[in-house]
Each structure stands twice: as structure tokens, then as C-alpha cells.
Amino acid sequence: MTAQEFVGIVGPAFEHSPWIAETVAAQRPFATTDALHGAMCATVRDAAPDQQLALIRAHPDLVGRAVLTAESEGEQCAAGLSDLSAEEVALFDHYNREYKARFDFPFVICARLNKKEAILEAFPRRLQNTAEMECTTALEEIFKIARLRLDALIVR
């Protein structure tokens, strides 16, 4: 496939950040999904801090009002975030605002690997982190999200 086709297929693994797939396209072919994922994560780790921050900021708030990508919508639904009570929605709104005010980027967690209770428990714990720790944590969560998305995209 062409580099453009490659980016079109694997680019969505990282939310609104096709630059990652564009960067690794020249390294094709990848023998395994692990190799592709590793190259994409290395690209993010090697990126400038402002690029990393832009990647984190490309993610929507959990239970937010933004229009979600199909991937994000499915992930939030899998975590049980589409069937919340009014009180739970208010709690997510509160935590999202508090988190964003503290760190200036959205709370990112791999929703597919968590349920709403675990996510709600993670908010106050992660609010105690430093900005550097949270940036690192957010990127690690993004890597988990990307891996699951790649697994869904690549037919074995």
C-alpha cells in the first residue's frame, strides 16, 4: 500500500494525530503489530514536548459534550460511560473541570480496560500527581488505547 493508504488505515490509532503514522510510514514493512505499535510509541516518546501535549489534548473529555470519533465513542460505551445517572454525569463533569484546571489537558485513561467505577476512582488519585507525572501517565494510557485500536484495525 502507499504511505497515504497506510496513514489512512493506522493513523486513527492515535486520536486526531496522523503525524505519528506519517512518521513511521517510511519504516514499513512491520513484521508484527507489536513492531508497528512499538515504532509508533517510540515516535511519540521522541517527539517534542509540545507535540506530546498536542496528542494528549487531542483526546476528548470522558462523558464530555464534544463530538467523538467512532473509536472514542465505542471505547467510552464499552466502559459503561453511555449509561450514567445524572449524578454520575455531574461527577465526571466536576472531575474533568478540576483535572483540566490543574493540568491544562484532558484526563486520559484507556476506557476499554476500565469501567466507570475504576475511572471515577482514578480521578482523585491522579489529581495528586505532578504535571510531569500526569503527562507520562496520559501518554502511557494513550499507548494502551492505540494498541487496542491497532489490534481492531489489523486483520491477522
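The values are calculated or read from the model by the stated rules, or taken from the named source; none is laboratory data. None of these values were measured; they are calculated from a predicted model. Here Cβ is always computed from backbone atoms with ideal geometry, including for glycine, and neighbour counts include all displayed protein chains.
Only one of (1) closer than 17 Å to LYS144 by Cβ; (2) free of Cβ contacts under 8 Å to residues at least 12 places away in the same chain fails for GLN52. Which number is that?
(2)
Which pairs turn up if I take residues in region 100-116 that are more than 14 Å from SER82 (Cβ to Cβ) and look for partners that are modelled with pLDDT under 95 and in a helix (DSSP H, G or I) with beta carbon separation below 9 Å, at least 6 apart in sequence or on another chain?
Qualifying pairs under 9 Å: CYS110/GLU75.
I'd like to check something: does region 145-155 contain any residue that is basic (Lys, Arg), within 26 Å of ALA35 (Cβ to Cβ) and surrounded by 15 or more Cβ atoms within 10 Å (Cβ to Cβ)?
Checked region 145-155: at least one residue is basic (Lys, Arg), within 26 Å of ALA35 (Cβ to Cβ) and surrounded by 15 or more Cβ atoms within 10 Å (Cβ to Cβ).
Residue by residue through region 31-89, note down the ones that are farther than 22 Å from LEU120 by Cβ and of a type in the set (Val, Ile, Thr).
Scanning region 31-89 gives THR32, THR33, THR43, VAL44, VAL67, THR69.
Which of the residues belonging to region 10-33 are surrounded by 13 or more Cβ atoms within 10 Å (Cβ to Cβ), within 26 Å of ARG112 (Cα to Cα) and of a type in the set (Val, Ile, Thr)?
Of everything in region 10-33, those that are surrounded by 13 or more Cβ atoms within 10 Å (Cβ to Cβ), within 26 Å of ARG112 (Cα to Cα) and of a type in the set (Val, Ile, Thr) turn out to be VAL10, ILE20, VAL24, THR33.
I'd like to verify a number: residues in region 17-49 that are aromatic (Phe, Trp, Tyr) and without any contact (Cβ under 8 Å) to a residue 24 or more places away in the chain, how many?
Selection size over region 17-49: 1.
Looking at region 4-33 only, could you name the residues that are in contact with a Lys or Arg (Cβ under 9 Å, 6 or more places away or on another chain) and farther than 28 Å from VAL67 by Cα?
THR33 - this is the single residue of region 4-33 that is in contact with a Lys or Arg (Cβ under 9 Å, 6 or more places away or on another chain) and farther than 28 Å from VAL67 by Cα.
Can you name the residue in region 34-69 that is touching a His at 6+ places or on another chain (Cβ under 9 Å) and part of a loop (DSSP other than H, G, I, E, B) and is also surrounded by the most Cβ atoms within 10 Å (Cβ to Cβ) among such residues?
HIS59
Would you check if there is a residue in region 121-131 being within 25 Å of TRP19 (Cα to Cα) and either under 12 Å from the mean Cα position of the chain (by Cα) or surrounded by fewer than 16 Cβ atoms within 10 Å (Cβ to Cβ) (or both)? Show your work before the answer.
Within region 121-131, the first condition is being within 25 Å of TRP19 (Cα to Cα), and the residues that meet it are 131.
The next check asks that each one be either under 12 Å from the mean Cα position of the chain (by Cα) or surrounded by fewer than 16 Cβ atoms within 10 Å (Cβ to Cβ) (or both); those that pass are 131.
Within region 121-131, one or more residues are within 25 Å of TRP19 (Cα to Cα) and either under 12 Å from the mean Cα position of the chain (by Cα) or surrounded by fewer than 16 Cβ atoms within 10 Å (Cβ to Cβ) (or both).
Starting from residues that are more than 16 Å from the chain's Cα centre (by Cα) and loosely packed, with under 15 Cβ neighbours inside 10 Å, keep the ones in region 105-120 and report whichever is farthest from GLU15 (Cα to Cα).
Filtering region 105-120 for residues that are more than 16 Å from the chain's Cα centre (by Cα) and loosely packed, with under 15 Cβ neighbours inside 10 Å, the one farthest from GLU15 (Cα to Cα) comes out as GLU117.
Identify all residues within region 78-110 that are in contact with a helix residue (DSSP H, G or I) (Cβ under 6 Å, 6 or more places away or on another chain), of a type outside the set (Ser, Thr, Tyr), in a helix (DSSP H, G or I) and at pLDDT 95 or above; write none if there are none.
Across region 78-110, the qualifying residue is only PHE103.
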